[in-house]
Amino acid sequence: MYTQDHLQNCLQLPVRVALERLNIDTETGDFVDEPPGVACGREYELAENTTLTLFVARDDAEFTTFSADREWDLQAFARATVIGIQLESPKGTKELGEIPSVFRSAGDPGE
């Protein structure tokens, strides 16, 4: 899968560049949002029971806008800056960078 260093090297990059480094198709995935309907990232299914979520900066006004129907601009997301990465698999959860508190795993103190 991905090493800690591989994931770490994707922080602070535009989403499009991070996805290229991770070899993930930019068209796949599902947006994730914090209530009330403000986008904060996108989750990608890598394998059965394994997902990777890229979180972007909340001050990226082009992407992190309110949407009642949960539809956001994929191109704007691709330009946003990755500030956090969460990899969840049967082996456990890896969290790097800034993960919104509502998405942190139970074992992560958020430091």
### Message
Just to be sure before I move on: is residue 69 loosely packed, with under 13 Cβ neighbours inside 10 Å and modelled with pLDDT of 90 or more in the structure I sent?
### Response
no
### Task
Quickly run through the range 1-23 and pick out the residues that are free of Cβ contacts under 8 Å to residues at least 60 places away in the same chain and closer than 15 Å to residue 55 by Cβ.
19, 22
### Message
I need a count of the residues in the range 8-57 that are among the basic types (Lys, Arg) and surrounded by 16 or more Cβ atoms within 10 Å (Cβ to Cβ).
### Response
1
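The values are calculated or read from the model by the stated rules, or taken from the named source; none is laboratory data. Bear in mind that the values here come from a model prediction, so they are computed numbers and not experimental data. Quick reminder, even Gly has a Cβ in these numbers, built from the backbone with ideal geometry, and neighbours come from all protein chains shown.
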